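One structure is given here, and the rest of the page talks about it.
Bear in mind these aren't lab numbers, they're just calculated from the coordinates by the rules spelled out. Remember, it's a predicted structure, so these values are computed and weren't measured experimentally.
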């Protein structure tokens, strides 16, 4: 596994893990990587500094504390979504349309959608949000 710092067109920098460099290249060229902040799929590798193990004296690092807090909040958000919404898998776009057009009862859903499906939903005026889906455990 390899960790890359990535950057979208608007300058948001974020991290992502990949099996190897080729996996990153394949996903980036297929526009399967989206910025977790704005959803942009025009992603490039950002300059990275080498990773150096930190000593215990870095425990008070404000950036590390901020990152830990953000991860905790994202995990809380995931838990709330899973508890209160229905998982519809790769049928997200289809189910969002059915709810939007009143074909089924309105309810919260979550799942996966391709970039093309997301664009079509936006064009139809269907409101949805993207959230970074962090693992529920940190293993």
Item to check | Distance from segment 108-129 to segment 1-43 (C-alpha centre basis), Å | outcome: 20 Å
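What's the extension gain from residue 76 to residue 90 if we count 0.36 nm per residue and subtract their Cα-Cα distance?
Working: separation 14, 0.36 × 14 = 5.04 nm, distance 2.29 nm.
Here the segment from residue 76 to residue 90 would lengthen by 2.7 nm.
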Next on the checklist: Can you give the log10 of the normalised intensity I(q)/I(0) at q = 0.19, 0.20, 0.23, 0.24 Å⁻¹, computed with Debye over equal Cα scatterers of segment 62-123?
Outcome noted: -0.78, -0.82, -0.93, -0.97
Item to check | 222 nm mean residue ellipticity, helices alone, for the chain (DSSP H n ≥ 4; -39,500 (n - 2.57); rounded to 500) | outcome: -11500 deg cm²/dmol
Checklist entry - Among 30, 113, 64, which one shows the biggest mean-square fluctuation in a GNM of the chain, springs joining Cα atoms closer than 10 Å? => result 64
Checklist outcome for this item: The correct pair for segment 91-139, radius of gyration to one decimal and Dmax as a whole number, both in Å and from Cα atoms, is 12.5, 41
Checklist entry - Using just the C-alpha positions of segment 2-45 as equal point scatterers, what log10 of I(q)/I(0) does the Debye formula give at each q in 0.14, 0.15, 0.32 1/Å? => result -0.25, -0.29, -1.25
Checklist entry - Per the Debye formula with a single identical scatterer at each Cα and no solvent contribution, what log10 I(q)/I(0) holds for the chain at q = 0.10, 0.18, 0.21 Å⁻¹? => result -0.44, -1.22, -1.44
Item to check | Highest-MSF residue in the chain out of 61, 22, 40 [GNM, Cα springs under 10 Å] | outcome: 61
